[in-house]
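First comes the structure, then the notes that go with it.
No lab work stands behind these numbers, since they all come straight from the coordinates. The shown structure was predicted, so the numbers you read here are calculated from the model rather than taken from an experiment. Every residue, glycine among them, receives a Cβ derived from its backbone with ideal geometry; neighbour counts consider all protein chains shown.
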Amino acid sequence: TNPEDLLTDPQLRTAHRNLLRYMAARWGADPALAAWTLWIEVDGATNRGVADWHQEMTTELRRHDSRAHPISTEFRSATDHPATFGLPEIDFTQVAAYDANGLINTFQTRAATFKNYYKPLLLEEYGGHSTGGTPHWLAQQIHDGPWAGLMVDIAATPMPWWWSFIFSQNLDRHLARFAAFIKDEDLSTTEWQFKTETYPTATPQLTTFWRSSTQTAYAWICRQDLTNIPPPKRRHHNWWTYAREISSTYDQNRTSWDPLATTPGPQFPATTLTLNLAHLTPGNWHYQLWDTWTTTPPQAGNITISTNTTITLPPLTRDTAIKFTKLH
């Protein structure tokens with residue numbers, strides 16, 4: 001059989017239907033199962049018969065899955081593949097989000113590419129470049145991913161690759177910190193607005209990303225030249241070279257900052273920022289300031305917001321997340 005016939009050969013399709021029937025019977029009732037992904041990087045195998053194969057196999061899997069788990073698939077390329085993702089049988093979209101133009105820019109590009117499906121989008125791989133990166137750059141990205149993902153219109157926290165590196169360096173502590181921040185927050189019950197606020201006089205450049213509704217708002221203040229490094233001016237066909245150049249730029253920018261350290265020290269000189277809260281609903285609000293790098297308890301307070309209200313934060317030395325909750 002020609003490898004290109006992988007999805008079109010009748011015998012192979014029959015074998016795969018049998019496999020799906022077995023999988024649904026074997027694991028369909030397992031409470032640990034969240035969803036089915038029919039392929040990872042299907043276009044790395046073939047581009048023939050992809051949409052037709054997925055329509056047939058999703059129908060077959062759903063027929064045997066007693067718990068009716070959501071079903072999706074995945075492509076190697078970062079384009080949206082409308083013939084497949086547009087199928088009503090595909091419940092959510094997903095794509096890798098390795099840094100191609102700065103971490104946040106990459107996340108925003110993926111969200112914009114897939115938004116017209118009106119289906120949940122998962123960023124199912126991220127962290128440095130797909131070919132790797134220096135340990136410090138990867139550690140920074142593993143930390144930044146959940147906070148950057150919160151500031152983009154996607155369905156869930158981005159999923160990092162490099163799990164052996166994560167556990168060997170105890171970087172899962174960053175995921176635990178984000179989990180504590182977002183605990184009991186329901187993002188599904190409201191419409192969200194997203195905005196960006198920059199501070200041209202801050203050195204190095206700091207940016208606040210906002211996710212806001214009428215009752216809740218989240219802000220993340222981060223250092224752009226660590227989190228959102230633009231690509232080299234010379235585009236490289238060799239992705240290994242690309243990853244090395246971005247890693248080198250990161251290491252130059254970070255100077256003594258150590259994202260691998262449990263107590264990483266300051267990212268930048270103590271800086272006092274004033275946030276504009278005019279986009280929040282007037283009234284009384286509670287806020288919490290979270291150090292995203294340590295387990296230090298958040299600072300908390302209340303503020304009354306009216307037209308053109310601002311809040312001056314205590315001096316910051318590394319990126320910070322803020323949670324605002326309207327009081328009733």
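Key figures for this structure:
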| read-out | value |
| --- | --- |
| Sum of -39500 (n - 2.57) over DSSP H runs of 4+, divided by residues of the chain (222 nm, nearest 500) | -9500 deg cm²/dmol |
| Helix axis angle, 239-254 relative to the chain longest principal axis, alpha carbon, degrees | 20 |
| Overall dimensions of segment 219-328 as given by Cα atoms, namely Rg and Dmax in Å | 18.1, 56 |
| Cα long-axis angle, helix 50-64 against the chain (0 to 90 degrees, to the nearest 10) | 90 |
| Beta bridges by DSSP in segment 3-182, antiparallel share as percent, to the nearest 5 | 10 |
| Dimensions in Å of segment 25-115 - Rg and Dmax from alpha carbons | 14.4, 43 |
| Candidates Met57, Met159, Met23: whichever shows maximal mean-square fluctuation once the chain is modelled as a Gaussian network with Cα springs under 10 Å | Met23 |
| Segment 3-182 - percent relative contact order, Cα under 8 Å, separation 6 or more | 16 |
| Mean separation of Cα contacts under 8 Å (6+ apart) over length of the chain, as relative contact order % | 13 |
| Order of Ile90, Ile311, Ile40 - criterion: other Cβ atoms within 10 Å of each residue's Cβ, fewest first | Ile40, Ile311, Ile90 |
| Loop-exposed trypsin sites (Lys or Arg not before Pro) per DSSP, neighbour cap 12 Cβ within 10 angstrom, longest uninterrupted part of the chain | 68-182 |
| Principal axis box of the chain, alpha-carbon based, largest edge first, Å | 67, 50, 33 |
| Estimated distance in nm for a label pair at Leu327 and Asp5, the labels positioned 7 Å out from Cα along Cα-to-Cβ | 7.2 |
| Histogram of C-alpha separations across segment 3-182, 10 Å bin width, % | 9, 33, 33, 21, 4, 0 |
| Geometric extent, Cα atoms of segment 150-239 - Rg, Dmax (angstrom) | 16.3, 47 |
| Net length gained if the chain between Ala35 and Met23 were fully extended (0.36 nm per residue, minus Cα distance) | 3.1 nm |
| Cβ-based exposure ranking for Thr46, Thr294, Thr106, in which fewest neighbours within 10 Å come first | Thr294, Thr46, Thr106 |
| In degrees, nearest ten, helix 135-150 long axis to first principal axis of the chain (Cα) | 90 |
